[in-house]
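Inspection log for the structure reproduced underneath, given as structure tokens.
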Amino acid sequence: MSKTSVRNGLTEQNEDVMNLIAKLPRIAAYIFRRTYFHDEHIEPDKNLDWSANLAHMLGFKNDDVKRLMRLYTTIHADHEGGNVSAHTTHLVCSALSDAYQGFSAGVNGLAGPLHGLANQEVIRWINKLRDELGGGKPSKEQIEQYVRKTLDSGQLVPGFGHAVLRKTDPRYTAQREFADKYIEKDDIVQIVRDLKDIVPPILQETGKVTNPWPNVDAHSGSLLMHYGIIQYDFYTVLFGVSRSLGVLASLCWDRALGMPIERPKSVTTEWVKQFVQEEVGQN
Ligand SMILES: CC(C)(COP(=O)(O)OP(=O)(O)OC[C@H]1O[C@@H](n2cnc3c(N)ncnc32)[C@H](O)[C@@H]1OP(=O)(O)O)[C@@H](O)C(=O)NCCC(=O)NCCS
């Protein structure tokens, strides 16, 4: 029984979550078709599964894209609760805000370049590399020079590193295996393969990067590009639709388990002064 007058119990939460998951692919496809295809829309096909229907409503009919979308939506659902979008969704709803409010906050976090936007940044970065070299497939030496130039200019190499993982992201590996199985020849996919060999030793040379290995975002854009989904400003939206599966399912658990409102610990000014004195004393 809810302790407040707000519509926020487990039953309502489940209902909102199911509604959101059901409608998000359609909303995303609507925006996609409106933005890139003259506002011409495609009705869902009730015989298709959730992921294949997303491909279908975006306008991609062939089975290859549906197969890719099944992999894509599954691996982007979620992999642990501490990342920005998952944690934000949980945090906002811990105040008994509803699933719509929590999820919209979560996807705003996903929009940051250190998080979900990295999938767009990777393609933008690869396009710039190719533009600078006049197009085509760059050599490994040219890619290495470009990686070094990126770091020397104080920028991140998008698609590499992770706050928690300490090895190649299994979601990267799943996409790499998909590419090896289904894609024979593609310049961008090949650049992504080369980057996996070239970038980690260079990041290790810096002596500060905790995890130099590729993450999920290093690969996803190249697969979408290969199958004709070239509107890369939309990639983080696809990430967001997929992420709904994980973070919204977690909201049901939060309510079922009666998780309390979340709040980080605060410290006093005295504590800060003492901390600084101790740190200064030590150095
Ligand atoms: C994911 C990420 C935010 C993790 O951050 P983190 O936990 O602070 O990572 P680290 O502990 O390895 O960071 C230590 C240092 O290495 C740097 N670093 C980490 N990844 C780097 C990368 N891909 N390129 C260049 N420098 C990087 C950090 O900026 C930090 O530098 P600083 O001490 O000068 O501030 C970070 O690796 C990153 O920005 N990667 C690129 C963006 C990306 O692909 N995001 C998607 C993640 S799934």
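The values are calculated or read from the model by the stated rules, or taken from the named source; none is laboratory data. Just so we're clear, the structure is a prediction, and the values are computed from it rather than from any experiment. Here Cβ is always computed from backbone atoms with ideal geometry, including for glycine, and neighbour counts include all displayed protein chains.
Things worth noting here:
- Here V107 fits the description: of a type in the set (V, I, T) and assigned by TED's automatic domain parsing to the domain that holds I229.
Matching residues to (1) assigned by TED's automatic domain parsing to the domain that holds R263; (2) out of contact with any Gly (no Cβ under 8 Å at 6 or more places or on another chain); (3) within 16 Å of the ligand (Cβ to nearest atom):
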| residue | (1), (2), (3) |
| --- | --- |
| N53 | yes, yes, no |
| M57 | yes, yes, no |
| K61 | yes, yes, no |
| D78 | yes, no, yes |
| G102 | yes, yes, no |
| D152 | no, yes, yes |
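- Qualifying residues in region 154-165 (those that are within 16 Å of V199 (Cβ to Cβ) and in a loop (DSSP other than H, G, I, E, B)) - the one nearest to the ligand (Cβ to nearest atom): G161
- Residue match in region 220-241 (condition: within 25 Å of G81 (Cβ to Cβ) and of a type in the set (D, E)): no
- Residue match in region 112-121 (condition: free of Cβ contacts under 8 Å to residues at least 24 places away in the same chain and more than 10 Å from the ligand (Cβ to nearest atom)): no
- Only one of the listed residues (L54, L129) is more than 25 Å from L248 (Cβ to Cβ) and in contact with a Pro (Cβ under 8 Å, 6 or more places away or on another chain). That residue is L129.
- The residue list R26, R33, R67 contains one member that is touching a Phe, Trp or Tyr at 6+ places or on another chain (Cβ under 9 Å) and among the basic types (K, R), which is R67.
- Taken over region 238-254, the criterion of being more than 16 Å from the ligand (Cβ to nearest atom) and either aromatic (F, W, Y) or crowded, with 22+ Cβ neighbours inside 10 Å (or both) is satisfied by V241, S244, L248, L251, W253.
- Any pair with Cβ under 6 angstrom, 6 or more apart, that starts in region 44-58 at a residue that is closer than 10 Å to A29 by Cα and ends at one that is among the small types (G, A, S): M57/A29; L58/A29
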